[in-house]
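Engineer: Before I ask anything, here is the structure I am working with.
Each reported figure results from applying straightforward, stated rules to the coordinates on display, with no laboratory input. Note that this is a predicted model, so its numbers are computed, not measured. As a convention, Cβ positions derive from the backbone with ideal geometry for all residues, glycine included, and neighbour counts pool all protein chains shown.
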Amino acid sequence: MFVRDTNTRSSLSRRDFVRATGLGMAALAAGAARGPQPVFGGRPQDGLLVRGGTIVTAEDRFRGDVRVRGEKIVEVGPGLAPAGERVIDAEGTLVLPGGIDPHAHLTQAEGGPEKYRFADDLTSGSEAALAGGITTIGNMTVPGQGQTVFDALERDARFVGEKAIADIVLHPVLLDPSELGLQQIRELADAGHTTIKIFMVIASFDQYLREYVRVMRMAGQTGILSLVHCEDPAIIAEATHRLVAAGKSSLRYYPGSRPLSCEVIATQRAIAYCEITGAPIYVVHLSAAEPLRICRDAQGQGLPVYVETRPIYLHFTEEQYEQADGPLYVGQPPLRTPEDVEALWAGMKDGSIHTLGTDHVGWSKAQKMDPSLSIEELRPGVPNLQEMFPMLYSEGVVRGRISLQRFVEIIAANPAKLLGLYPRKGTIAVGSDADLALWNPDETRKIELADLRSRSGFSLFEGWEVTGWPRMTIRRGAVVYEDGEIKARPGPGQVLSCGPTQSL
Ligand SMILES: [Zn+2]
């Protein structure tokens, strides 16, 4: 039986986590109250026939039709005859698998201080995702004060039942490695969890290193993928201390507080743990050329090292922090140089980067621009669920940096495999969930706040002109987004039960 751990170490780690990441402030509030039972509303339509589009998967690209019954794809091919279902004319559109954002923050423990509440929750986050061609979101599930990993999972499952429209993968966030023995790890795997999130950036990481490594080994043995935040807390502490002592504590100096060496050393160590344990690791939000080179070398040696990057590192550089609105761009790690941006695009092209995750945090503009923030007190993360894949399509596919096939691999097939969901998710095939995103590949438009569904009230991408835009999104057979409108109410999103992580 699982025993709740409420010792000092647990709360120490949690404080470290809050200090180091700026996330989970609200999670410091009291544990989850028991709310109403999940309400699952909304029904897939009786059937759909998506006709005449260009179907693109990671393996294939052809003109054809997709027939949907209930939540599933039942037929794929050219010239399917209508059989009384709703016919969707997909002429001139790309029919893609529903996108998967493997990394977002849309939940918090109830009752936290107002100033640390995200503007987005699972409803507005789902709406933004669906409007951006995403049907599945991986959500970081952070334990609140006195909560175990299992308490937090139960809490977020309830939120999903009440609020989500997209399907949700819950990533258990491990703040106290002593919580998990082999039996608990097996319990997680049996309950359909295929990941565990580890923060090397928290100050207590080194203190409990032996236990973290033990958890990674056991995770690997049970088909669970360790998601690792690779930044070194000692380097951050020292660099921050020196800047503050020199009177440079404003966010203008943010990059200097987390120098590249801090990501490099942590990435090297994470790979060493992968090597020693044999457990697969997934480096979240990799930001620069050098850590990518290190990961690519490890991959070349046959180590199961998977890499996620993030839109802000593909589209912006550290000069942004010198602008008046610089604080809006604060994420962990910081933005890097133009050379790093090019290296990341090259990594997406050559396959050493496997996924793109938003690390979406729905802070409001006022929260991000709060003058009390400094390099010691952050609100990291940005809203970008809706913009992520249109930006990747426009800047990546349209500009010829990645192929359309690679695009589909990054947005759907790779995350589905790593999360143990393939081929239920991540492809267009008979028997797969009918998660489809219909894209107008030639539509050129300006990203405008009025079109965005996040409640954060700002976008780093406002004013960017993009080519390619999702026109319709179908989640498990239900049209949930069409021509600018959300067609579903909160509730029908599901917590996905995942199988073991699959290697790429
Ligand atoms: Zn994150």
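Engineer: So for the stretch 54-195, Kirkwood radius off the Cα pairs, Stokes-Einstein at 4 °C and 1.567 mPa s: how many µm² s⁻¹?
Structural biologist: Numbers: Rh = 17.8 Å.
This corresponds to a translational diffusion coefficient of 73 µm²/s.
Engineer: Pull up the cross-link candidates among the lysines for Lys368, meaning alpha carbon to alpha carbon under 22 Å and not fewer than 8 places away within one chain.
Structural biologist: Lys115, Lys248
Engineer: Something else about it: Let me check I have the definition right: for the chain, take the eigenvalues of the Cα gyration tensor, multiply each by 5, take square roots. What are those semi-axes in whole Å, largest first?
Structural biologist: 34, 25, 22
Engineer: Given the rule -39500 (n - 2.57) for each run of at least 4 DSSP H residues, summed and divided by the residues of the chain, what is its mean residue ellipticity at 222 nm, to the nearest 500 deg cm²/dmol?
Structural biologist: After summing the helix terms and dividing by residue count, I get -8500 deg cm²/dmol.
Engineer: Just subtract the alpha-carbon distance of Glu322 and Leu303 from 0.36 nm times their residue separation and send over the number in nm, one decimal.
Structural biologist: The Glu322-Leu303 span can extend by a further 3.0 nm.
Engineer: Sequence neighbours fewer than 8 away in the same chain don't count; with that in mind, list the lysines whose C-alpha is under 30 Å from Lys417.
Structural biologist: The reachable lysines, counting only those whose Cα sits under 30 Å from Lys417, are Lys72, Lys163, Lys197, Lys349, Lys425, Lys487.
Engineer: Quick one: order Arg471, Arg210 by neighbouring beta-carbon count within 10 Å, fewest to most.
Structural biologist: Ordered from fewest to most neighbouring Cβ atoms within 10 Å, Arg471, Arg210 come out as Arg210, Arg471.
Engineer: Of Leu449, Gln108, Ser178, which is farthest on the positive side of the dipole of the chain, counting Cα position, with +1 on Lys and Arg Cβ, -1 on Asp and Glu Cβ, and the Cα centre as origin?
Structural biologist: So the residue furthest toward the plus end is Ser178.
Engineer: Working from the pairwise distances between different alpha carbons, so that the mean of 1/r is found and then inverted, what is the stretch 282-435's Kirkwood radius in Å?
Structural biologist: 16.6
Engineer: Expressed as a whole number of Å, what is the distance separating the alpha-carbon centroids of the stretch 142-209 and the stretch 289-357?
Structural biologist: Answer, in whole Å: 26.
Engineer: What is the percent of Cα-Cα separations in the stretch 96-143 that go past 14 Å?
Structural biologist: 53
Engineer: In debye, nearest 20, what is the charge dipole magnitude of the chain about its Cα centre with +1 on Lys and Arg Cβ and -1 on Asp and Glu Cβ, if you could check?
Structural biologist: Dipole of the chain, to the nearest 20 debye: 740 debye.
Engineer: Let me have the relative contact order for the stretch 267-348, percent, based on Cα pairs under 8 Å that are six or more residues apart.
Structural biologist: 33
Engineer: For the chain, what are the DSSP H helices with axial Cα length of 20 Å or more and mean Kyte-Doolittle hydropathy of at least 1.0?
Structural biologist: Flagged H segments: there are none.
Engineer: Determine, for Thr195, Thr136, Thr444, the number of other Cβ atoms within 10 Å of each Cβ, and report the residues in order from fewest to most.
Structural biologist: Ranked by crowding around the Cβ, least crowded first: Thr444, Thr195, Thr136.
Engineer: Using Cβ counts within 10 Å as a stand-in for footprinting exposure, how do Thr337, Thr222 rank, fewest first?
Structural biologist: Thr337, Thr222
Engineer: Using the basic label-point model (7 angstrom from Cα toward the beta carbon), what is the Leu209 to Arg445 distance in nanometres?
Structural biologist: Label-label distance for Leu209 and Arg445, simple model: 5.1 nm.
Engineer: Same structure, new question: In percent, what relative contact order does the chain have, based on Cα pairs under 8 Å that are 6 or more apart in sequence?
Structural biologist: Here the relative contact order equals 23 percent.
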